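**Student:** I am attaching a structure below and will ask some questions about it afterwards.
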Amino acid sequence: MFKWLSKVFIVLYLFHHVIPYIGVADKVHIQTLYLSCLNLASIFFLLRTKSLTKVFNKSFFTIPVFVFFCFFLWSIITIIPALNYQESLIQIAYYFVQLLCFTFILGFLYSIKTNFNGFIRLLIVSLVIIEVTPSLFVYINDIVVQGFPNPRSIAYRGTSGNVNILAYSLLFKLPFLYYYILRSKSQFLYLIIATLLIFVIINITKTRSAILSLIFLSIIYFSFLIVSYLKNRNKPNSISKKQLILSFLPLLIALLTDIYFEARFYKSSDNEGSTNSINRLASLADGDYSTNARYRYYVSAIQSIIENPFLGIGTGNWEILSVEKESPVMQGYIVPYHVHNDFLEIIAESGLIGGFLYFFVIFFILYLLLRKLLLQIKLNKDYFFSLILILSIGSYLFDALFNFPTARPLQQINLFFVLSISIVYLKDKIKNLVNFKRSYFLYFVMILTPLSIFSAIKVFESSREQQKLLQYFNSSGQMQIEREFIENVESKYPNITVTTIPIKAIQGIYYFNQGEFTKAIPLLKNSVKTNPFLGVSQAFLSKSYYKLDSIDQSLFWIKDAYERIPNNDLHISEYLKVLARVKDSITLKDVYENIRYKKLIHDELYLLAMAGITNGEQSLFAFEGVDIYPESNNDQAKQGYYVLKIGYEKMLEAATQHLIAENYFEQKQFTLAL
């Protein structure tokens with residue numbers, strides 16, 4: 001009974017991603033809550049079966065799990081330099097949930113004594129089918145209904161959060177399918193499943209880094225396969241030519257299908273981004289926006305590590321401090337939430353020690369697997385299971401190199417599952433820290449478990465509220481929202497939304513839109529402390545003070561917002577407006593000239609602002625070194641242009657003469673009209 005229920009719990013951990021969004025802003029939040037509750041359920045189950053201490057000691061005190069525990073403890077210390085303590089606490093609670101997931105997945109796997117490999121095979125196949133089927137269904141439906149698929153559509157994400165997560169989650173399982181094609185009797189079944197898996201990665205998700213990783217890992221696998229075939233082809237139980245060909249088929253079929261679909265569907269449609277995988281990989285070398293952005297993120301992270309090598313900037317705080325690094329190129333309030341490289345992000349947040357502890361867990365197991373692989377090759381034993389475990393973990397490292405799997409529960413559970421299989425497979429190669437087996441570790445974990453659930457519940461509830469708050473914010477206040485909801489929204493834990501906009505800032509914006517400026521100001525001021533780098537709080541503080549005719553305060557706050565993100569349209573427009581009010585033409589012109597991404601609206605704002613300050617001969621300053629003409633239908637902008645060019649009195653006289661001429665024209669007195 002215990003062994004059967006252990007399998008059930010492993011299934012419950014691995015299939016956590018099938019839970020729907022349930023109205024949250026980010027699926028991570030409902031997944032974290034689910035895993036937190038599942039950890040508590042695992043504790044109760046083990047207590048009831050009187051096996052908690054045994055299972056806990058056997059898994060928790062293995063070197064990888066215990067080192068991950070040390071990483072968790074170190075993350076608590078890194079809260080010291082954090083700007084936003086609430087975000088650090090949320091991240092620490094998330095790491096604790098991961099720690100228990102790792103502990104219990106390994107503990108339950110240890111308890112499976114019979115048909116271990118068969119159970120793993122069943123899990124891998126079931127996971128792939130559940131992840132692939134929804135994506136394929138929507139993809140095929142689009143082809144049937146509209147005649148072509150939608151490249152990288154969010155509808156193809158299946159049970160994951162987006163197509164990138166789906167691609168790397170599937171990549172985790174691909175080495176196992178390669179192995180089953182090679183070593184199982186039902187070769188064609190696994191060949192079909194592997195083909196569909198690769199098809200989804202290449203043809204449906206079109207995730208470039210995942211395709212690159214797939215090709216690289218496949219080349220490694222095929223290289224070992226070919227060498228083994230050539231070396232042992234005349235020996236009994238060696239790899240046959242049929243097995244060799246079948247192993248190549250899934251990748252070959254998927255690539256050929258990709259080329260065919262490009263010619264069949266995408267060439268005949270006007271969809272942007274519809275290109276085959278080879279072209280998408282080639283675009284990496286061309287330096288597109290995504291590649292250039294990642295380069296900036298990496299440079300920013302490295303600079304941050306150099307500046308804060310020991311404790312980092314505080315766990316969970318990169319999404320906030322990254323705005324300061326990225327501000328010169330930001331135009332809106334979309335922030336670089338992650339470095340898109342977990343090696344750099346974890347070190348930037350937790351310091352060099354934190355980075356070492358986290359990745360030691362992975363590289364320690366990789367080292368032992370590689371050592372076992374080399375020994376098996378030397379002894380001429382079957383080494384392919386060691387190889388596929390290395391490749392599966394390698395897929396995670398590729399993901400960590402280009403993305404942020406640490407922040408994705410699906411990828412973390414995949415990692416802990418494969419690491420746990422590796423630990424069981426390595427057996428006595430991984431030592432158990434017997435001397436550290438003390439009951440107070442278990443008590444410590446049991447005390448923190450309810451706290452982690454409390455944190456997950458708070459974040460989940462806030463995430464559901466944020467869904468509505470962000471819709472209101474993105475509608476520029478046009479969406480109807482209940483006053484009672486705004487007044488009662490949770491704004492302390494967490495205190496920022498998933499987009500890093502302070503929750504109190506959105507509350508303040510609501511009151512500003514209602515004309516309650518004195519009620520908006522305290523909320524907006526409080527939110528500046530939560531995230532000072534975004535500038536949205538400062539911008540609406542300026543707008544509020546402007547409405548109250550407190551121009552000095554308005555200028556102070558909008559100047560701060562503009563200096564934070566100088567290319568934000570709201571910051572630029574409000575700053576120009578206030579500068580026009582205080583008649584500071586020098587700063588006004590300087591702001592206009594330094595706009596990095598000039599648009600027509602900026603010309604219009606500049607002309608209107610300058611027209612309110614100068615006219616006639618004094619207006620020459622406004623045009624010195626500036627090539628501008630209001631090519632728009634904005635009559636006010638044109639009025640500003642002509643006021644600056646000829647002066648207000650001459651423009652008024654010209655307008656008067658124009659009206660008189662129109663009157664004569666209507667009376668058919670054409671000579672007088674001229």
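**Student:** From (1) assigned to a helix (DSSP H, G or I); (2) open to solvent by 20 Å² or more (accessible area, probe 1.4 Å), pick out the condition that doesn't hold for K381.
**Tutor:** With respect to (1) assigned to a helix (DSSP H, G or I); (2) open to solvent by 20 Å² or more (accessible area, probe 1.4 Å), K381 is out only on (1).
**Student:** Next question. Select from region 544-565 the residues that are in a helix (DSSP H, G or I) and open to solvent by less than 40 Å² (accessible area, probe 1.4 Å) and list them in ascending order.
**Tutor:** If the condition is that a residue be in a helix (DSSP H, G or I) and open to solvent by less than 40 Å² (accessible area, probe 1.4 Å), then S544, Y545, I551, S554, W557, I558, D560, A561, Y562 are the ones that fit.
**Student:** Return the residues of region 292-322 that are in contact (Cβ under 8 Å) with a residue 40 or more places away in the chain, open to solvent by less than 20 Å² (accessible area, probe 1.4 Å) and in contact with a Pro (Cβ under 8 Å, 6 or more places away or on another chain); say none if nothing qualifies.
**Tutor:** Answer for region 292-322, where residues must be in contact (Cβ under 8 Å) with a residue 40 or more places away in the chain, open to solvent by less than 20 Å² (accessible area, probe 1.4 Å) and in contact with a Pro (Cβ under 8 Å, 6 or more places away or on another chain): A293, G312, I313, G314.
**Student:** Also, I was wondering about something else. Of the residues L415, L426, only one is open to solvent by less than 40 Å² (accessible area, probe 1.4 Å), under 23 Å from the mean Cα position of the chain (by Cα) and farther than 16 Å from L33 by Cα; which?
**Tutor:** Result: L415 is the single residue among L415, L426 that is open to solvent by less than 40 Å² (accessible area, probe 1.4 Å), under 23 Å from the mean Cα position of the chain (by Cα) and farther than 16 Å from L33 by Cα.
**Student:** Do we have F540 as closer than 25 Å to Q86 by Cα, aromatic (F, W, Y), open to solvent by 20 Å² or more (accessible area, probe 1.4 Å) and part of a loop (DSSP other than H, G, I, E, B) here?
**Tutor:** For F540, the condition - closer than 25 Å to Q86 by Cα, aromatic (F, W, Y), open to solvent by 20 Å² or more (accessible area, probe 1.4 Å) and part of a loop (DSSP other than H, G, I, E, B) - is not met.
**Student:** Right, another one. Those residues that are more than 16 Å from Y95 (Cβ to Cβ), in contact with a Pro (Cβ under 9 Å, 6 or more places away or on another chain) and either among the hydroxyl-bearing types (S, T, Y) or open to solvent by 10 Å² or more (accessible area, probe 1.4 Å) (or both), I need them from region 341-378; list them, please.
**Tutor:** Within region 341-378, L352, F364 qualify.
**Student:** Follow-up. Scan region 401-411 and tell me whether some residue there is open to solvent by 30 Å² or more (accessible area, probe 1.4 Å) and farther than 26 Å from L344 by Cα.
**Tutor:** Among the residues of region 401-411, not one is open to solvent by 30 Å² or more (accessible area, probe 1.4 Å) and farther than 26 Å from L344 by Cα, which makes the answer no.
**Student:** Now a separate question. Quick one: which of S184, S218, S213 is polar (S, T, N, Q) and in contact with a Ser or Thr (Cβ under 8 Å, 6 or more places away or on another chain)?
**Tutor:** S213
**Student:** Follow-up. How about region 233-258: which of its residues are in a helix (DSSP H, G or I), open to solvent by less than 50 Å² (accessible area, probe 1.4 Å) and either without any contact (Cβ under 8 Å) to a residue 12 or more places away in the chain or not hydroxyl-bearing (S, T, Y) (or both)?
**Tutor:** Listed by number, the residues that qualify are Q243, L244, L246, P250, L251, A254, D258.
**Student:** Just give me the residues in region 89-141 being polar (S, T, N, Q) and under 25 Å from Y358 (Cβ atoms), in sequence order.
**Tutor:** Across region 89-141, the qualifying residues are Q91, Q98, T103.
**Student:** Still on this structure: Residue under question is L182, and the condition is that it be assigned to a helix (DSSP H, G or I), aliphatic (A, V, I, L, M) and buried (at least 21 other Cβ atoms within 10 Å of the Cβ); does it hold?
**Tutor:** yes
**Student:** Given the conditions (1) touching a residue at least 60 places away in the same chain (Cβ under 8 Å); (2) closer than 15 Å to V67 by Cβ, and given that N341 satisfies all but one, which numbered condition is not satisfied?
**Tutor:** The number of the failed condition is (2).
**Student:** Here's another thing I want to ask about it. Given the condition under 39 Å from the mean Cα position of the chain (by Cα), modelled with pLDDT under 75 and in a loop (DSSP other than H, G, I, E, B), answer yes or no: does some residue in region 610-628 qualify?
**Tutor:** No, every residue in region 610-628 fails to be under 39 Å from the mean Cα position of the chain (by Cα), modelled with pLDDT under 75 and in a loop (DSSP other than H, G, I, E, B).
**Student:** Inspect all residues belonging to region 148-167 and state whether any of them is touching a Lys or Arg at 6+ places or on another chain (Cβ under 7 Å), part of a helix (DSSP H, G or I) and farther than 30 Å from N317 by Cβ.
**Tutor:** no
**Student:** What is the one condition in (1) touching a strand residue (DSSP E or B) at 6+ places or on another chain (Cβ under 6 Å); (2) open to solvent by less than 40 Å² (accessible area, probe 1.4 Å) that N432 does not satisfy?
**Tutor:** Result: N432 passes all but (2).
**Student:** Right, next: Among the residues of region 437-478 satisfying the criterion of being in a helix (DSSP H, G or I) and small (G, A, S), which is nearest to I334 (Cα to Cα)?
**Tutor:** The selected residue is S463.
**Student:** Give the residues of region 585-598 that are assigned to a loop (DSSP other than H, G, I, E, B) and touching a residue at least 24 places away in the same chain (Cβ under 8 Å), sorted by residue number.
**Tutor:** Within region 585-598, N594, I595, R596, Y597 qualify.
**Student:** Now for a separate question. Would you point out the residue of region 85-99, among those that are open to solvent by 40 Å² or more (accessible area, probe 1.4 Å) and not polar (S, T, N, Q), that is nearest to I457 (Cα to Cα)?
**Tutor:** The residue in question is L89.
**Student:** Another question about this same structure. Collect the residues in region 122-160 that are surrounded by fewer than 19 Cβ atoms within 10 Å (Cβ to Cβ), within 30 Å of L426 (Cβ to Cβ) and not hydroxyl-bearing (S, T, Y), keeping them in residue-number order.
**Tutor:** Hits for region 122-160 are L122, V125, I129, I130.
**Student:** Take region 323-338 and flag every residue that is open to solvent by 20 Å² or more (accessible area, probe 1.4 Å) and free of Cβ contacts under 8 Å to residues at least 60 places away in the same chain.
**Tutor:** Residue satisfying the conditions is K325 alone.
**Student:** Output the residue which, of all residues in region 100-121 that are of a type in the set (V, I, T) and at pLDDT below 95, is surrounded by the fewest Cβ atoms within 10 Å (Cβ to Cβ).
**Tutor:** My answer is T114.
**Student:** Consider S585 against the criteria (1) buried (at least 21 other Cβ atoms within 10 Å of the Cβ); (2) small (G, A, S); (3) at pLDDT 80 or above: it satisfies all of them except one. Which criterion is unmet?
**Tutor:** (1)
**Student:** A further question on this structure: Within region 391-404, identify whether any single residue is under 13 Å from A301 (Cα atoms) and among the charged types (D, E, K, R), and answer yes or no.
**Tutor:** No, that holds for no residue.
**Student:** Another question about this same structure. Go through the residues of region 467-484 one by one and say whether even a single one is buried (at least 23 other Cβ atoms within 10 Å of the Cβ) and not small (G, A, S).
**Tutor:** yes
**Student:** Let me ask another. Quick check, is A505 open to solvent by less than 10 Å² (accessible area, probe 1.4 Å), under 26 Å from Q91 (Cβ atoms) and part of a helix (DSSP H, G or I)?
**Tutor:** Yes, satisfied.
**Student:** Return the total of residues in region 485-502 being open to solvent by 40 Å² or more (accessible area, probe 1.4 Å), polar (S, T, N, Q) and not in a helix (DSSP H, G or I).
**Tutor:** 0
The values are calculated or read from the model by the stated rules, or taken from the named source; none is laboratory data. Just so you know, these numbers come straight off a predicted model, no measurement behind them. As a convention, Cβ positions derive from the backbone with ideal geometry for all residues, glycine included, and neighbour counts pool all protein chains shown. Surface areas here come from the heavy atoms of the whole protein model, side chains and all, with no ligands, DNA or RNA. Shrake-Rupley method; radii C 1.70, N 1.55, O 1.52, S 1.80 Å.
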